[in-house]
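The values are calculated or read from the model by the stated rules, or taken from the named source; none is laboratory data. All figures in this text were calculated on a predicted structure; none of them were measured in a lab. So basically every Cβ, Gly included, is an ideal-geometry build from the backbone, and we count neighbours across all protein chains shown. Remember, those area values only see protein heavy atoms, side chains included, never the ligands or the DNA or RNA. Shrake-Rupley method; radii C 1.70, N 1.55, O 1.52, S 1.80 Å.
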Amino acid sequence: MATGWIRARAPATIANLGPGFDVFALAIRGLADEVAVRPAEHDSLRVQGVDAADLPSTFSGNTAGIVIEALRAATGITQLLEVRVTKGIPSSRGLGSSAASCAAAALAFLRAFPKSRDLGIAGVLRTAVEGEAAVSGRHYDNLAAALLGGFVTLGSSEPLLLSRVPVSPRIALAIAIPRFVLRTVEMRGILPSVVPLRDGVSNVGHAAILALALARGDSALAGRCLEDRFAEPVRAPFLPGYAEARSAIRSAGAPGIALCGSGSSVFAFAPDRTVAGDLAEAMCHGFRSVAQAASPFVTSVDNRLPVRGLLPVLGHRFSIVTERGPTASPFDRPSRISPIEA
């Protein structure tokens with residue numbers, strides 16, 4: 001690899017999108033993490049930027065370092081590295097902070113070591129998820145969106161089955177980011193192990209129409225399909241001001257609101273950025289009404305492909321399908337990778 005710094009960025013993401021728990025995720029514009037690597041005589045890692053003081057700064061404790069170690073194990077590359085993580089995404093707010101660091105680390109490694117690209121898309125996903133697994137559980141939704149951009153739907157992780165499509169630019173996103181944090185691992189720990197049949201059917205139906213609405217650019221229909229009967233009912237009590245934010249946004253005319261991942265941020269869809277700004281302020285007003293500080297953020301889906309030029313993907317719409325292997329491991333090269341152009 002070159003002797004200077006090699007940099008890569010990965011965007012913030014919103015997972016679940018209401019009824020799509022561990023299935024749906026969006027990449028969003030305006031917030032990102034950057035990871036830079038260069039050759040060194042020994043491994044080291046430094047974190048700077050947003051919430052840097054609250055994050056691990058050891059190579060084996062930070063998600064970026066964990067991903068690099070996993071990629072070295074998967075590829076046989078042994079080069080020691082100095083790693084610099086620049087955080088642009090607040091942590092524990094439901095905006096995919098840890099996934100962005102994982103993805104940016106993977107992208108920087110792919111740029112630095114072309115041999116690692118032989119892993120393919122699925123191989124990189126399966127390896128980079130080790131960073132997420134260390135801090136919040138082995139789930140691919142945020143990571144896949146951070147690496148692939150656009151709107152990602154995850155059918156299963158083993159065998160890996162996912163679809164990536166762009167979202168119409170007609171849809172804007174209104175987000176309220178509270179100051180308090182919610183740890184993903186803790187919010188996953190309170191989820192029920194059994195879901196009533198009627199609630200499962202409701203989530204499947206709403207998720208199906210939500211995916212269609214995003215592809216069509218119908219923000220009103222997408223907003224109506226944000227109802228979640230699985231995670232939100234048990235997580236909402238841990239978000240002071242959420243009920244008030246939901247009431248405020250409905251009074252402002254929005255058909256729905258949902259948690260960003262496991263929170264604490266919340267979001268709504270809007271037909272344009274002007275409306276999105278009004279909705280974001282309404283949600284923040286709801287939080288502030290119970291003495292919870294919150295900041296408004298208006299954005300849109302980031303349809304760019306962060307892996308473009310590094311891994312073989314086709315166009316803006318594609319699927320990844322791999323076969324289940326009898327002795328599958330996170331570091332195995334997938335037996336078959338089929339990007340499918342739509």
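For the options 123, 61, 261, a Gaussian network treatment of the chain with springs between C-alpha atoms closer than 10 Å singles out 61 as fluctuating the most.
Of the residues 306, 169, 19, the one that moves most in a GNM of the chain with alpha-carbon contacts below 10 Å is 169. Per-residue surface analysis assigns residue 218 an accessible area of about 60 Å², computed on protein heavy atoms at 1.4 Å probe radius. Gain on full extension, evaluated as 0.36 nm per residue between residue 293 and residue 234 minus their Cα-Cα distance, stands at 19.0 nm.
Separation of the range 114-162 and the range 268-284 by C-alpha centroid, Å? Spelled out, the Cα-based centre of one part sits 31 Å from the other. Please state the shape class of the range 170-231: rounded when a/c is under 1.5, otherwise prolate if a/b exceeds b/c and oblate if not, all from the C-alpha gyration tensor. In terms of gyration-tensor shape, oblate. Classified by the C-alpha gyration tensor, the range 135-184 has an oblate form. Its axis ratio a/c, with a ≥ b ≥ c, is 1.5 or above, and a/b does not exceed b/c.
Counting only alpha carbon atoms, the long axis of helix 273-288 and the longest principal axis of the chain meet at about 80°. Principal-axis analysis of the Cα atoms of the chain puts helix 97-112 at an angle of about 30° to the longest axis.
For the range 54-134, the alpha carbon positions stretch 34, 25, 20 Å along the principal axes, listed from largest to smallest. Compared with the direct C-alpha span, the chain from residue 191 to residue 216 gains 5.8 nm at full extension, assuming 0.36 nm per residue. The share of C-alpha pairs in the range 1-156 whose separation exceeds 26 Å stands at 18 percent. Considering only 96, 165, 289, and ranking their Cα positions along the charge dipole of the chain that arises from unit charges at the beta-carbon of Lys, Arg, Asp and Glu, the one farthest toward the positive end is 165. Shape class for the range 140-254: rounded, because the ratio a/c of the largest to smallest gyration tensor axis (alpha-carbon atoms, square roots of eigenvalues) is under 1.5. Enumerate the residues in the range 36-51 having an amide nitrogen under 20 Å from the point lying 7 Å beyond the Cα of residue 77 toward its Cβ. Backbone N within reach: 36-46.
Legend: translational diffusion of the chain by Stokes-Einstein, Rh = Kirkwood radius over C-alpha pairs, 25 °C, 0.890 mPa s; D = 122 µm²/s.
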